[in-house]
Every structure is written in C-alpha cells, then in structure tokens.
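Nothing in this text is a laboratory measurement; each read-out follows from the coordinates by a stated rule. Remember, it's a predicted structure, so these values are computed and weren't measured experimentally.
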Amino acid sequence: MPTLTQSACQLLLGLSAALPLAAQAGPTTINLFFDGAGTSQPVDAAQGTGSWTGSLTPGFGSDLSESLLSSVLYKLDASGASLSGSFQFSSQDLASTLTGLLTGSDADGDGQFEIDYQILSGSGAFNRASGYGLSFISFDRPLNTAGNYTEAGVLSFAVPEPSSFGLLGLALLGVALTRRKPVGPTLRG
C-alpha cells in the first residue's frame with residue numbers, strides 16, 4: 001500500500017507533466033484590419049441618438065477571413081464634436097459576437113470621426129474576448145441614405161483558450177487512474 005509521501009510524489013509528478021501543456025494553452029490574439037461601410041440613421045434627432053449598421057470586411061494581414069456584421073447605437077453630444085455608445089460585431093451566421101463600448105470625436109468638424117472601440121466580451125468563437133480597436137468613419141451623404149458611411153480601422157483582441165483547465169483536469173484524472181489498484185483477490189489459473 002502506497003504511503004502518503006509516495007502518493008504526494010505521484011501527484012506532483014503528474015502535475016509537473018500537465019502544467020507545461022496547460023501553460024502552452026494561452027490566449028489567442030486576433031488582429032482584424034478592416035474596411036467597413038453601411039447606413040447611419042438618426043433614432044431621435046432631438047436627443048442626438050442614432051445608429052449605424054453595416055459590415056467590416058477583413059483586409060490584408062488580418063487573422064480573420066470572414067466579414068463581421070456591425071451594429072452600433074450612439075449618442076452625439078450637442079456640439080456634434082463627440083459621440084459615445086455601444087457596439088456589437090457578429091459573424092455572418094450570428095454564432096460569434098464581440099460587444100463593447102465606443103467613443104469618438106470629430107475634432108476638425110469635417111464629418112470624419114476617430115472611433116475608439118473597447119471590446120468587453122464576446123460569445124461563440126470570441127467567448128470572453130477583450131481588447132481594443134481604432135477606426136476612422138466618414139459620413140458622406142445625408143443620413144437615412146443607404147451606404148452613407150465608410151470606415152477603416154483595426155481591432156485587436158484576445159480570446160482565452162478554454163483548454164487550460166481541461167488539460168489540468170485530464171492530468172489529474174490520469175494520475176488518479178494510474179494509482180488505482182485492483183480491489184479484491186486476483187484469480188490465478
């Protein structure tokens with residue numbers, strides 16, 4: 001029968017074999033260089049609220065090849081020089097999303113906003129994503145006209161690997177199974 005010291009040594013050996021595997025399973029960083037376009041419309045002109053919907057198309061050097069659908073709700077301040085709001089970017093099958101907050105400013109008053117995206121969460125392939133983004137968006141035509149904005153920018157976010165704890169759990173299960181001895185007498189023939 002193994003002693004407590006022998007059992008502890010076996011457990012430590014199993015953990016020492018599993019930890020390097022778990023450490024390799026770190027977060028995946030995804031960079032998306034994109035061009036976007038869509039339609040912006042005021043929701044309530046008196047309140048300065050609005051939305052835009054469109055798509056983000058991956059450009060050269062992007063880690064994603066699929067376009068994302070873009071949906072933004074914003075509030076424009078009274079002077080029209082800054083906006084804030086929330087966003088959701090979704091895969092085309094809507095199975096994966098990125099959500100967060102945005103701020104922007106039009107310091108020059110030329111209708112081109114500098115947008116800062118703060119990615120706070122995600123779902124599906126982007127589960128628990130976090131990161132940031134920067135883009136420039138231009139509203140070229142009157143609002144409510146189809147295709148009245150263009151956007152270019154980059155998103156950079158990390159998606160934690162779900163397998164770290166799974167690998168550790170499998171290693172502990174393996175250690176437990178290797179320690180198991182048959183119960184009862186064995187028959188010899």
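Working note: Karplus 6.51/-1.76/1.60 with θ = phi - 60° gives region 46-57 the couplings 5, 8, x, 9, x, 8, 9, 10, x, 9, 10, 9 Hz, where Gly and Pro are set to x.
Backbone amide hydrogens, once placed in the peptide plane, bring Ser121 within less than 5 Å of Thr99, excluding anything fewer than 5 places away on its chain. Amide H to amide H, which residues 5 or more places from Ala81 or on other chains are under 5 Å from it, using H placed in the peptide plane? Long-range HN contacts for Ala81: none found. Rounded to the nearest Hz, the phi-derived 3J(HN,Hα) couplings of region 101-117 under the Karplus curve 6.51 cos²θ - 1.76 cosθ + 1.60 (θ = phi - 60°) are 10, 9, 9, x, 9, 10, 4, 7, x, 9, x, 9, 9, 8, 10, 10, 9, where x marks glycine and proline. Close amide H pairs (under 5 Å, H built 1.01 Å from N) link Gly59 with Phe33, Phe34, Asp35, residues at least 5 positions away or on another chain.
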